[in-house]
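Notes to accompany the following structure.
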Amino acid sequence: MIETHTTIEITTPYHGEEELQQTSIKRMTCNYCNGTGEILHIDDNMDREFIICPCCGGTRFVDAEITVKFKPSQYVLMKSKI
Ligand SMILES: [Zn+2]
């Protein structure tokens, strides 16, 4: 199996007020339908039909919206109290 992976690099904010960082990755191939835009549906009567992929809406691609929230590390706070 060949898979394409996208990697993002996260760096901590340079300014204190920058608590949230957001980015997006566009046009990722939909893994739910394997990029076909439709999936095979078999009902109780064993009738088969292709339906529009509920994940990508038939477009064959999805966009990833990524939000990273920064906050003080609880681990460091707990260790300093010991
Ligand atoms: Zn899909």
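Those residues that are assigned to a loop (DSSP other than H, G, I, E, B) and either on the phi > 0 side of the Ramachandran plot or at pLDDT below 95 (or both), I need them from region 48-82; list them, please. Selection gives 57, 58, 60, 70, 71, 72, 73, 81, 82. Checking 36, 23, 29 one by one, the residue that is touching a residue at least 40 places away in the same chain (Cβ under 8 Å) and closer than 22 Å to residue 55 by Cβ is 23 and no other.
State all residues of region 7-61 that are of a type in the set (Asp, Glu) and surrounded by 13 or more Cβ atoms within 10 Å (Cβ to Cβ); if no residue qualifies, say none. Talk me through it step by step, then tell me what you get.
If we filter region 7-61 for residues that are of a type in the set (Asp, Glu), which is where we start, we get 9, 17-19, 38, 43-44, 47, 49.
Passing the criteria: only 38.
Annotation note: Cβ proximity below 9 Å between a residue of region 49-70 that is more than 16 Å from residue 29 (Cβ to Cβ) and a residue that is more than 8 Å from the ligand (Cβ to nearest atom) and of a type in the set (Ser, Thr, Tyr) (sequence gap 6+ or interchain) occurs for 65/23; 65/24; 66/23; 66/24; 67/23; 68/23; 70/12.
The values are calculated or read from the model by the stated rules, or taken from the named source; none is laboratory data. Predicted, not measured: the structure shown is a model, and the values here were computed from it. Every residue, glycine among them, receives a Cβ derived from its backbone with ideal geometry; neighbour counts consider all protein chains shown.
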